[in-house]
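Notes to accompany the following structure.
Just so it is clear, none of the values below were taken in a lab; they were calculated from the coordinates. The shown structure was predicted, so the numbers you read here are calculated from the model rather than taken from an experiment. Don't worry about glycine lacking a Cβ; one is built from the backbone with ideal geometry, like all the others, and counts go over all protein chains shown.
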Amino acid sequence: MQAHGSSALAPAAIAVAKVALEQPLATPLDYRVPESLIAACQLGQRVLVPLGPRHVQGYVVALTPGSEVEAEALKPIVDVLDDESPLLTPALLKLTRWVADYYMCPWGLVLKAAVPQGFRVRSEAVYRLTPQAQAEPSAWPGGRAASALQLLAEQGPQRRSELARKLDVDVKGIGPLLRRLETEGWVAGEQQRQAPKVRQRMVAVVRLTLSPEDAEALHQEVASRAPKQADVLSQLIQQPLWELADLQAQVPGARAAVQRLVQRGAVAMEQVEKMRSVIPKDVRSPDTLPRLNAAQQHAFQQIEVKLAAPDGVPVLLLGVTGSGKTEVYMRAIDTALKQDKTALVLVPEISLTAQATERFTMRFGDRIAVLHSGLSAGERFDEWRRLARGEARIAIGARSAVFAPLPNLGLIIVDEEHDTSYKQEEAPRYHARDVAIVRAQQERAVVVLGSATPALETFHHARRGKYLHLSLPKRVSDQPLPKIMIVDQRVHATPNERVISTPLRHAIAERLERGEQCLILINRRGYSAYLQCRECGDVPHCAHCSVSLTYHARGRTLKCHYCDYTQPAPTACPVCHGPVLHHYGVGTQQVEDVLRALFPEARLGRMDRDTTRGKAAHERILRSFGAHEVDILIGTQMIAKGHDFPNITLVGVVSADGALSIPDFRAPERLFQLLTQVAGRAGRGARPGEVLIQTFRPDFESMTFAREHDFLGFFQHEIQNRRLLLYPPYMRLAKVLLDSPDPERAQTAGEWLAGQFARHLAEPQRLEVLGPAEAPLAKLQNRYRWHIMLKAATSRELHGWLQQTLDTAQQDRQHLRNVRMSIDIDPVLFL
Ligand code: ADP
Ligand code: ZN
């Protein structure tokens, strides 16, 4: 973070800063840099600036001598927010700029997503009565205004949000009232900065200020009269600097003794920063590294060649499950560190960061920093700063860690690169794997994409030579890949076998007898998918979304899995009062109940969104499974990924078919990946693994290729479909979603906008508009949704077309009135 060049302005220059605000604004705005801030205001610095009546946070993205805005109209920057070096390096500014352009999202919003929230500063108006109002309460206006004035008179100055809360109006609603009172001269508002949510954690330390000889002498002197002081002194003689808390642990009641010693001038007590640490403690590093097998050795050497001379070509490391990819990553990281570079490791989800962190900590200790949404704001704040200062040299984290502040970046690992959680489903809608590839190019780093089931797009690039293709075709110690069997549920159709078929039941019983562990995958949480009245056929739906409600047996509720709307489960049909409601579809809770009935002696665990809400819940569940306190772990796809538990010898998939009913051209690919990944959890130790997949579609390609562990076969089959139907990687896609509380407006806006896209079709062979169509999830949280799909032969054409059409559409805003538009480049979800 030191090398920012001469970004501070010379005082002579006319100082204008372009500031990207954390607001939905198309471009950064110009602000004047006041004389007093010229030295402090640097590129990448966070600043507080006026926007309308408020002060908001933004980032200095450029400094120029002049502006196109007239000098008088330029508002000044209110304050520079970081006293240390700027938060954003030029490299991160460049990267976020690319993300903003490519994903068509305001730069400031990208920056907001990149920087931990703990850094944010807010300012809010504080209102007080004017002298006039105080002087003549009899002249106050009536109604709600009177209540507001009364409140200010009784309770003194109030923040806007406090006022709103106490008057029981929402924060937006109180705006007009306060503005009126301000113009009429009853109240005065002033912006005040609110303290950021997190700050440095400070701890008291005690330091010996005497020379060793003087300390010994003093020790002798106090030994008999003040034994506590003597104890403290002898600790300080051994170690001259202590954290007060540690000293108190050694010498109970040390605080008072320290105070005495401070008075004597023997020690000093001061506050110093102590960063919060999230790195697991007491992790032992193994004495010897495993010897790489031949395939690992080859892969590692190839990556070393790239590290020595980065050529901008991404590396695909295709290694079957359990082939030792992580070991290769760690060797490569070690090489990067030896070159004095830093490394970034992306893992798909929080559930995986715990295990990854532990493994990486064993090797690299506190050179690691962890970044993910499961951390507290304070922890993220500290991890970010440890990286920025170079105190930690390896960042591990989920999606947004792709923006980690790593000076001199040498290597980026994207583990399980095919995973959909790398795509962010709200603005900025970036794909962390693709951003990682761009970041590596921009910073001349090497990027390694690892997976047993790469995305079709990724493998396609590798086959065409755009990526370097390395492979680990076997498991590390030559353990066989698990044997996969498909259980045809049409044959096992009796009510008793609906959830757990006879073959799966036998297989589980065998494992329990041998003291081995089982993993049972079911891709739906809750008890059953939906309820249906046997008489009128009614299915209870969410009040706010166009989806059926899922039945949760615990608490007997119906829940919407999109908006969390919850209602008590009805005992009779709410429509026709029919007394029988049937359960359809199976969820994790039902599987748990059925297994408990079948194997009352077995210890069961469940891992899904309902059981992992707490902060360390993932870790706790996985740890107890790892310690074999659980025999059968039931879970949604979060149990499928990445974990390495050698005692699992059976994986059961209760129903594989649900994944195919979603309207998504990637559904077969997803299913193949899921089956291969979950199968990969079996048989990683000494004993071989077995996998049973229950399905009503035993001949479907995703199942048959997964059964043969045949990624290449699946790829060749599926890529044909993509070519025929003109889907990625042969075309680029964008999705434009229009949603509105008014169903008609959403539709007419969609029709109008699709017409605009059609008008701007330059080359019909290379571009295509599909839709508008009602989105599969036609209503979400009371908003009606329509979407338009755009296809183009190249991303350049896609962007050009979008930009041109949207520019003209902006001039015709009335067609989009009351409609929210969002653009999704390279979309992953089509709901
Ligand atoms: P992957 O990430 O490809 O699924 P892992 O890296 O998790 O595979 O490796 C699986 C297991 O094999 C881990 O427990 C790891 O420590 C071990 N392992 C990796 N490489 C070797 C090796 N060369 N020799 C022995 N064990 C190894
Ligand atoms: Zn809902």
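Taking θ as phi - 60° and the Karplus parameters 6.51, -1.76 and 1.60, the scalar couplings of the stretch 679-695 work out to 4, x, 7, 8, x, 8, x, 6, 8, x, x, 9, 10, 10, 10, 8, 7 Hz in sequence order, x denoting glycine and proline. Taking only the alpha-carbon positions of the stretch 605-719 and ignoring solvent, what does the Debye formula give for the base-10 log of I(q)/I(0) at q = 0.09, 0.13 Å⁻¹? Scattering profile of the stretch 605-719, log10 relative to I(0): -0.26, -0.54. Kirkwood hydrodynamic radius, the stretch 522-564, all distinct C-alpha pairs: what's the number in Å? Hydrodynamic radius (Kirkwood, Cα only) of the stretch 522-564 equals 10.8 Å. Each of 557, 794, 288 was scored by other Cβ atoms within 10 Å of its Cβ. Arranged with the fewest first, they read 288, 794, 557. Across the alpha-carbon atoms of the stretch 389-501, the computed radius of gyration and Dmax are 19.8, 63 angstrom.
Exposure proxy for 291, 444, 331: other Cβ atoms within 10 Å of each Cβ, ordered fewest to most, give 291, 444, 331. Phi-derived couplings, Karplus 6.51 cos²θ - 1.76 cosθ + 1.60 at θ = phi - 60°, listed residue by residue for the stretch 817-831: 4, 6, 10, 9, 10, 9, 10, 10, 8, 6, x, 10, 10, 10, 7 Hz, with x used for Gly and Pro. Among the lysines of the stretch 223-355, pairs that are 8 or more positions apart or on different chains and have alpha carbons within less than 24 Å of each other number 5. Along its first, second and third principal axes, ordered by size, the stretch 740-791 spans 38, 18, 10 Å in Cα coordinates. Using only the Cα atoms, work out Rg/Rh for the stretch 313-372, with Rh taken as the Kirkwood radius, to two decimals. Over the Cα atoms of the stretch 313-372, Rg/Rh equals 0.95. The dipole here belongs to the stretch 394-547: it is taken about the Cα centre, uses +1 on the Cβ of Lys and Arg and -1 on the Cβ of Asp and Glu, and is about 320 debye.
In a DSSP loop and with at most 13 other Cβ atoms within 10 Å, the GluC sites (Glu not before Pro) in the stretch 649-733 are 708. Taking the square roots of 5 times each eigenvalue of the Cα gyration tensor of the stretch 55-166, largest first, gives ellipsoid semi-axes of 41, 18, 14 Å. Counting only residues at least eight positions apart within a chain, or on another chain, the lysines with an alpha carbon under 24 Å from that of residue 791 are 423, 466, 735.
Projecting the Cα atoms of 224, 188, 437 onto the dipole axis of the chain, where Lys and Arg carry +1 and Asp and Glu carry -1 at the beta carbon, places 224 farthest toward the positive end. Given 25 °C and 0.890 mPa s, how large is the Stokes-Einstein diffusion coefficient of the stretch 140-265 in µm²/s, with Rh as the Kirkwood radius over Cα pairs? Calculated translational D: 126 µm²/s. A Stokes-Einstein calculation at 4 °C with viscosity 1.567 mPa s, built on the Kirkwood radius of the stretch 255-356 over Cα pairs, returns a diffusion coefficient of 72 µm²/s.
Taking the Cα atoms of the stretch 762-831, the ratio Rg/Rh between the radius of gyration and the Kirkwood radius comes to 0.98.
Shown here: the stretch 506-596, whose C-alpha atoms stretch 51, 27, 19 Å along the first, second and third principal axes, sorted largest to smallest. Below 8 Å between Cα atoms, with a sequence gap of 6+, how large is the relative contact order for the chain in percent? The value is 9 percent. Counting other Cβ atoms within 10 Å as a rough exposure proxy, the listed residues 576, 545 run 576, 545 from fewest neighbours to most. Rg/Rh for the chain (Cα atoms only, Rh after Kirkwood) is 1.00. Sorted from longest to shortest, the spans of the Cα atoms of the stretch 669-784 along the three principal axes equal 61, 38, 25 Å. Using every pair of distinct Cα positions in the stretch 133-213, the Kirkwood expression returns a hydrodynamic radius of 15.9 angstrom.
Using only side-chain charges placed at the Cβ, +1 for Lys and Arg and -1 for Asp and Glu, the dipole size of the chain relative to its Cα centre rounds to 380 debye. Based on the reciprocal of the average 1/r between different C-alpha atoms, the Kirkwood radius for the stretch 429-558 equals 20.7 Å. Fully extending the segment from residue 162 to residue 613, taken as 0.36 nm per residue of separation minus the present Cα-Cα distance, adds 159.4 nm. Rounded to whole numbers, the Karplus 3J(HN,Hα) couplings from phi for the stretch 259-276 are 4, 4, 5, 5, 4, 6, x, 8, 9, 10, 10, 9, 9, 10, 6, 10, 5, 6 Hz, using 6.51 cos²θ - 1.76 cosθ + 1.60 with θ = phi - 60°, and x at Gly and Pro.
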